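Take a look at the structure below.
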Amino acid sequence: MQVNEYFDGNVTSIAFENGEGRATSGVMLAGEYEFGTSEKELMKIVSGKLEAKLPSEPGYRAYPAGSEFRIDANQKFQVRVLEPTAYLCFYS
């Protein structure tokens, strides 16, 4: 496992690999962030809620607990985290 911190510790993730592939599990504190991808990602919101502006969409869209979204490789996307939010991200 590898622990990663971003945005002055406001986003923390733990990277791991299992039979389903490579993944990260983490928590984002309330705030606005921009992320970049190096490969395809499937992000599942486990707890909390955020809004994301994906490259293929004109504006922000709400993603509450239980929802998910996909991002292609080599893309940037913005998130507005409305409350501390836990996520699980799978890479392919």
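The values are calculated or read from the model by the stated rules, or taken from the named source; none is laboratory data. All values derive from a computational prediction rather than experimental measurement. Here Cβ is always computed from backbone atoms with ideal geometry, including for glycine, and neighbour counts include all displayed protein chains. Only protein heavy atoms, including side chains, enter the accessible area calculation; ligands, DNA and RNA are left aside. Shrake-Rupley method; radii C 1.70, N 1.55, O 1.52, S 1.80 Å.
Return a yes/no flag: does region 68-76 have any residue that is open to solvent by less than 70 Å² (accessible area, probe 1.4 Å) and modelled with pLDDT under 95. No, region 68-76 has no match at all.
Restricted to region 12-29, and to residues there that are of a type in the set (Ser, Thr, Tyr) and in contact with a Gly (Cβ under 9 Å, 6 or more places away or on another chain), the residue that is least open to solvent (accessible area, probe 1.4 Å) is SER13.
Screening ALA73 against (1) over 21 Å from VAL3 (Cβ atoms); (2) in contact with a strand residue (DSSP E or B) (Cβ under 7 Å, 6 or more places away or on another chain) leaves a single unmet condition, (2). Just one of the listed residues (GLU51, GLU41, GLU32) is closer than 15 Å to LEU82 by Cα, of a type in the set (Asp, Glu) and either in contact with a His (Cβ under 8 Å, 6 or more places away or on another chain) or crowded, with 16+ Cβ neighbours inside 10 Å (or both), and it is GLU51. What are the residue pairs meeting all of these: first residue in region 75-92, first residue within 14 Å of VAL46 (Cα to Cα) and of a type in the set (Asp, Glu), second residue open to solvent by less than 30 Å² (accessible area, probe 1.4 Å) and outside any strand (DSSP E or B), Cβ atoms under 7 Å, and 6 or more apart or on different chains? Close Cβ pairs satisfying both conditions: GLU83/GLY48. Of the numbered criteria (1) part of a strand (DSSP E or B); (2) within 19 Å of GLU20 (Cα to Cα), the one TYR33 fails is (2).
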